[in-house]
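Accompanying notes for the structure given below.
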Amino acid sequence: MASPSPVKVLGLCGSLRRGSLNAAALRAARELAPPGLELTIFEGLREIPPYDDDLRHDGYPPPVQALRDGIRAADAVLIATPEYNYSVPGVLKNAIDWASRPPEQPFEGKPVGIMGASPGAIGTARAQYHLRQSFVFLNALVLNRPEVMIGQATSRFDAEGRLTDEKTREFVQSLLVALRDWTLRLRR
């Protein structure tokens, strides 16, 4: 019996900052990917313009189309988000708003994993719950557990942005295993 094709996951980072802890968390996830999971990180969030339905009616801007195509081609999505003002960063919400417009919004039935890193103690919990609310409307299939909320993240990454905290590495890897296994179950 042939082994199933690898689960292709598109990673989205909700931060544009060069030294982003969440971008570092996504890179760590790519490094920690279990067998049977391939993680590609979408790098075009900065180029996505503010949502404007007039632009959409003229055709999706190329960076938005690239995001939509990437989500559609992926078996699952993994989002790493910071928390701004107790919620989702505007650039991430903007990208989701653009990607989710008709026709054929690509989040429909798509497995989604969420994680986040923050210097604060609760590690993006409120932003993650707000993302979950958005994905209910989009009918995405958000993985419930494990929840990966990397609190006090500045002590868990080194100066080069490598995730060095072993327990956190285990949490991230457990999220990836759960996302892979759940996506494979949904394929059946």
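Structure notes:
- Among the residues making up the stretch 90-117, those that are surrounded by fewer than 22 Cβ atoms within 10 Å (Cβ to Cβ) and over 16 Å from Leu138 (Cβ atoms) are Gly90, Val91.
- Test: residue in the stretch 126-141 that is surrounded by fewer than 22 Cβ atoms within 10 Å (Cβ to Cβ), closer than 18 Å to Arg68 by Cα and in contact with a Lys or Arg (Cβ under 7 Å, 6 or more places away or on another chain): yes
- For beta carbons closer than 9 Å, sequence separation of 6+ or different chains, a first residue in the stretch 154-177 that is over 19 Å from Thr124 (Cβ atoms) and a second that is modelled with pLDDT of 95 or more and among the polar types (S, T, N, Q), the qualifying pairs are Asp158/Thr164.
- The number of residues in the stretch 84-101 being modelled with pLDDT of 95 or more and in a loop (DSSP other than H, G, I, E, B) comes to 3.
- Taking residues in the stretch 129-140 that are closer than 19 Å to Met115 by Cβ and among the aliphatic types (A, V, I, L, M), and partners anywhere that are assigned to a loop (DSSP other than H, G, I, E, B) and modelled with pLDDT of 95 or more, the pairs with Cβ atoms closer than 6 Å and at least 6 places apart or on different chains are Leu131/Val88; Leu138/Ser100; Leu138/Phe107; Ala140/Phe107; Ala140/Lys110.
- Out of Arg72, Arg46, Arg30, Arg56, one residue alone is under 24 Å from His130 (Cα atoms), among the basic types (Lys, Arg) and surrounded by 14 or more Cβ atoms within 10 Å (Cβ to Cβ). It is Arg72.
- Filtering the stretch 143-188 to residues that are assigned to a loop (DSSP other than H, G, I, E, B) and either buried (at least 18 other Cβ atoms within 10 Å of the Cβ) or under 19 Å from the mean Cα position of the chain (by Cα) (or both) leaves Leu143, Asn144, Arg145, Pro146, Glu147, Gly151, Arg156, Gly161, Arg162.
- The one condition in (1) out of contact with any strand residue (DSSP E or B) (no Cβ under 8 Å at 6 or more places or on another chain); (2) in a helix (DSSP H, G or I) that Ala121 fails to fulfil: (2)
- In the stretch 23-58, the qualifying residues are those that are assigned to a strand (DSSP E or B) and under 12 Å from the mean Cα position of the chain (by Cα), and the one that is nearest to Val7 (Cα to Cα) is Leu39.
The values are calculated or read from the model by the stated rules, or taken from the named source; none is laboratory data. Owing to the predicted nature of the structure, the values given are computational and were not obtained by experimental measurement. Every residue, glycine as well, gets a Cβ built from its backbone with ideal geometry; the counts of neighbours run over all protein chains shown.
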